[in-house]
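The values are calculated or read from the model by the stated rules, or taken from the named source; none is laboratory data. None of the values given here were measured: they were computed from a predicted structure. Glycine also receives a Cβ, built like all others from the backbone with ideal geometry; neighbour counts cover every protein chain displayed.
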Amino acid sequence: DQQVKQNSPSLSVQEGRISILNCDYTNSMFDYFLWYKKYPAEGPTFLISISSIKDKNEDGRFTVFLNKSAKHLSLHIVPSQPGDSAVYFCAASALSIHGAGNMLTFGGGTRLMVKP
Amino acid sequence: NAGVTQTPKFQVLKTGQSMTLQCAQDMNHNSMYWYRQDPGMGLRLIYYSASEGTTDKGEVPNGYNVSRLNKREFSLRLESAAPSQTSVYFCASSERGNNYGYTFGSGTRLTVV
């Protein structure tokens with residue numbers, strides 16, 4: 001059973017509008033969450049992260065929100081740009097127990113398409 | 001500034017053939033990982049190496065073996081390839097406690113016919 005789920009395989013938004021990508025997790029041991037962005041024929045690249053002691057982290061146009069009680073996080077991109085079109089992966093880590101390996105558990109990904 | 005380098009980028013194998021996917025990192029990271037990416041399944045961990053000299057199974061290790069040759073290199077071997085192993089394979093590395101997660105290679109697209 002997938003411990004990290006991204007229930008929307010794809011999302012299409014207009015340039016300049018907000019993109020909201022969602023992610024749910026089941027393992028209450030997860031204490032660190034990350035978003036990765038992946039372009040075709042490239043490896044995923046780190047985008048933004050959040051620790052479980054916070055509920056929001058912002059970096060320029062990207063904001064990640066964490067709702068621990070709901071085991072839910074979301075990535076907001078404002079304003080969306082055509083260059084943001086990519087696959088976005090949510091990932092979670094249990095640093096407290098995986099400190100030796102920093103293992104990440106990934107969701108299935110959401111393909112974002114930003115239309116000009 | 002290469003980061004994580006994977007070879008080859010593409011490979012076609014016949015069922016039953018063997019091959020080794022190579023991965024090297026130049027960031028002096030302790031931990032290295034092999035993931036496979038399949039549509040709708042995200043990235044699933046095959047094997048990882050927390051530090052030089054250690055390897056452990058991940059979520060989907062069956063049909064694979066790994067070798068942590070030294071701190072830089074972590075190879076993935078398919079002894080007898082099966083069509084179910086058709087996938088895109090990513091190698092990654094990280095430093096323990098690094099809040100930026102992994103650095104990924106650009107992937108190897110493997111097709112088993």
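The table below gives the values:
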| item | result |
| --- | --- |
| Contacts under 8 angstrom Cβ, first residue in the range A:31-59 being free of Cβ contacts under 8 Å to residues at least 12 places away in the same chain and over 24 Å from B:TYR89 (Cα atoms), partner polar (S, T, N, Q) and in a loop (DSSP other than H, G, I, E, B), 6 or more apart | none |
| Those strands (runs of 3 or more DSSP E) lying entirely in the range B:11-113 with at least 3 residues farther than 22 Å from A:VAL4 by Cα and among the aliphatic types (A, V, I, L, M) | B:19-25 |
| Residue count, the range A:20-60 (criterion: out of contact with any Asp or Glu (no Cβ under 7 Å at 6 or more places or on another chain), under 22 Å from A:PRO9 (Cβ atoms) and among the aliphatic types (A, V, I, L, M)) | 5 |
| Residues that are in contact with a Ser or Thr (Cβ under 8 Å, 6 or more places away or on another chain) and more than 11 Å from chain A (Cβ to nearest Cβ), drawn from the range B:48-65 | B:GLY63 |
| Of residues in the range A:45-62 being among the β-branched types (Val, Ile, Thr) and not in a loop (DSSP other than H, G, I, E, B), the one surrounded by the fewest Cβ atoms within 10 Å (Cβ to Cβ) | A:THR45 |
| Any hit, the range A:51-64, residues being β-branched (Val, Ile, Thr), within 30 Å of B:LYS9 (Cβ to Cβ) and within 13 Å of chain B (Cβ to nearest Cβ) | no |
| Single condition A:SER51 does not satisfy, out of (1) out of contact with any Gly (no Cβ under 7 Å at 6 or more places or on another chain); (2) more than 19 Å from B:TYR102 (Cα to Cα) | (2) |
| Residue identified as modelled with pLDDT under 95, more than 14 Å from chain B (Cβ to nearest Cβ), out of contact with any Gly (no Cβ under 9 Å at 6 or more places or on another chain) and more than 20 Å from B:TYR48 (Cβ to Cβ) among A:SER69, A:SER28 | A:SER28 |
| Candidate set: the range A:1-17, residues that are more than 15 Å from the chain's Cα centre (by Cα) and away from chain B (no Cβ under 11 Å); chosen: the one modelled with the lowest pLDDT | A:ASP1 |
| Residue check, B:THR54 of a type in the set (Ser, Thr, Tyr) and surrounded by 18 or more Cβ atoms within 10 Å (Cβ to Cβ) | no |
| Output for the range B:6-56, where each listed residue is at pLDDT 95 or above and at positive phi | B:GLY16 |
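Okay, residues lined up against (1) among the polar types (S, T, N, Q); (2) part of a loop (DSSP other than H, G, I, E, B):
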residue: A:GLY43; (1), (2): no, yes
residue: A:VAL64; (1), (2): no, no
residue: A:SER69; (1), (2): yes, yes
residue: A:PRO79; (1), (2): no, yes
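Condition check ((1) free of Cβ contacts under 8 Å to residues at least 24 places away in the same chain; (2) closer than 25 Å to A:PRO9 by Cβ; (3) within 12 Å of chain A (Cβ to nearest Cβ)) across all residues:
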{"position": "B:THR5", "(1), (2), (3)": "no, no, yes"}
{"position": "B:LEU21", "(1), (2), (3)": "no, no, no"}
{"position": "B:TYR33", "(1), (2), (3)": "no, yes, yes"}
{"position": "B:ARG77", "(1), (2), (3)": "no, no, no"}
{"position": "B:ALA81", "(1), (2), (3)": "no, no, no"}
{"position": "B:GLY105", "(1), (2), (3)": "no, yes, yes"}
